[in-house]
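A.B. asks: My questions will all concern the structure given below.
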Amino acid sequence: MRVGELARSSVLTVLVAMATLGAAGQAFAFDDKIFDDKSGVKPKSSPWEVFQFGFSAYKNGHKEQAVEAYKYAAENGQIGATWKLARMYAEGDGVAQDDYAAFKFFSEIADQDVEPGSPEESYVSDALVALGDYLKQGIPGSPVNADPITAQEYFTRAAANYRNPNAQYELGKMFLKGEGGAKASVRQAGRWLQLAAEKGHAGAQATLGNLLFQSGKVVRGLAMMTAALSRATPTDQPWIRSMQEEAFAVSGEADRRTAISLADDMLAKGVTGAEQQ
């Protein structure tokens, strides 16, 4: 599963929220009022304080204690603790990697009634994208089968309600291919891709650039793919580079030179190219 890359932009908001834990995350020490090294979390501990303890333990490399603390906090209503557990199981971070366990934790989060604009919206937005990604292919050896229609529903909820760029990108790709029960539509795909591209999503920028290139907007398309390649993560760079090089190979020298100059201008000004359509 490709869950490790799913929520890069929404996670930034979460990390900012986590920073409010302040001194709790700066120096790790067992709090004998909350946690006992032998028996674990003490009964009737404050879920928020246990969550703080878990965050501090995690940051200082005590991930077994962090997991136990997060489980207690999650069972007592701390949505952030549930999100941390989901991520840890999805990535095999301090626990054995288990996509089905992650799926169940993400599902608990997605079932929460969190309004857009809430401090907790990033948890829900990220969880919806993760669930959509799982459901696109299913989880082998688990009750979770491939269900692209439901996957699209999760992506749509995250894209429309929470403006999640990863979800917008996934929807754009599904409309391009006619997946998830949706009729293939370049127009709908372009709409979602542009929304994600305007938020700095390199994959969306590259895909939209390729669509522009294929539609005859050669220079703009080449420039967007080139700028996207410079902004892309190492995971995305290979396929974006392949797409860009294929387009450059069939373009004229003048168009290539102009596109490179335009891409440099986009990068210097911090614009995506989609913003100028």
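A.B. asks: Within segment 238-255, which residues are more than 23 Å from the chain's Cα centre (by Cα) and open to solvent by less than 60 Å² (accessible area, probe 1.4 Å)?
C.D. replies: GLN244, ALA247, PHE248, SER251, GLY252, ASP255
A.B. asks: Further question on the same structure: Here is a list: THR258, THR226, THR235. Which entry is hydroxyl-bearing (Ser, Thr, Tyr), open to solvent by 70 Å² or more (accessible area, probe 1.4 Å) and in a helix (DSSP H, G or I)?
C.D. replies: When all the criteria are applied, what remains is THR258.
A.B. asks: Kindly indicate the residue of segment 154-190 that is in a helix (DSSP H, G or I) and free of Cβ contacts under 8 Å to residues at least 12 places away in the same chain and also surrounded by the most Cβ atoms within 10 Å (Cβ to Cβ) among those meeting that condition.
C.D. replies: Of everything passing the filter in segment 154-190, ALA160 is surrounded by the most Cβ atoms within 10 Å (Cβ to Cβ).
A.B. asks: Separate question: Under 18 Å from ARG87 (Cα atoms) and assigned to a loop (DSSP other than H, G, I, E, B), is that true of ILE109?
C.D. replies: no
A.B. asks: Determine if segment 191-200 includes at least one residue that is within 16 Å of ILE260 (Cβ to Cβ) and surrounded by fewer than 19 Cβ atoms within 10 Å (Cβ to Cβ).
C.D. replies: Taking segment 191-200 as the starting set, the residues that turn out to be within 16 Å of ILE260 (Cβ to Cβ) are none.
No, segment 191-200 contains no residue that is within 16 Å of ILE260 (Cβ to Cβ) and surrounded by fewer than 19 Cβ atoms within 10 Å (Cβ to Cβ).
A.B. asks: Among ALA196, ALA232, ALA159, which is touching a Pro at 6+ places or on another chain (Cβ under 7 Å) and at pLDDT 95 or above?
C.D. replies: That would be ALA196, the only listed residue that is touching a Pro at 6+ places or on another chain (Cβ under 7 Å) and at pLDDT 95 or above.
A.B. asks: Quick one: how many residues across segment 88-122 are open to solvent by less than 20 Å² (accessible area, probe 1.4 Å) and modelled with pLDDT of 95 or more?
C.D. replies: The total comes to 8.
A.B. asks: Return the total of residues in segment 77-97 being in a loop (DSSP other than H, G, I, E, B) and touching a residue at least 12 places away in the same chain (Cβ under 8 Å).
C.D. replies: Of the residues in that region, 5 qualify.
A.B. asks: Just one of (1) charged (D, E, K, R); (2) closer than 22 Å to ASN161 by Cα; (3) in contact (Cβ under 8 Å) with a residue 12 or more places away in the chain; (4) open to solvent by 10 Å² or more (accessible area, probe 1.4 Å) trips up ASP133, so point out which.
C.D. replies: Going through (1) charged (D, E, K, R); (2) closer than 22 Å to ASN161 by Cα; (3) in contact (Cβ under 8 Å) with a residue 12 or more places away in the chain; (4) open to solvent by 10 Å² or more (accessible area, probe 1.4 Å) one by one, ASP133 breaks only (4).
A.B. asks: While we're here: What is the one condition in (1) touching a Leu at 6+ places or on another chain (Cβ under 8 Å); (2) among the β-branched types (Val, Ile, Thr); (3) within 18 Å of VAL271 (Cα to Cα); (4) open to solvent by 20 Å² or more (accessible area, probe 1.4 Å) that THR207 does not satisfy?
C.D. replies: Single failed check for THR207: (4).
The values are calculated or read from the model by the stated rules, or taken from the named source; none is laboratory data. Just so we're clear, the structure is a prediction, and the values are computed from it rather than from any experiment. Neighbour counts are summed over all protein chains in view; Cβ atoms, including those assigned to glycine, are modelled from backbone coordinates with ideal geometry. What goes into the accessible areas is simple: the full protein's heavy atoms, side chains included, and nothing from ligands, DNA or RNA. Shrake-Rupley method; radii C 1.70, N 1.55, O 1.52, S 1.80 Å.
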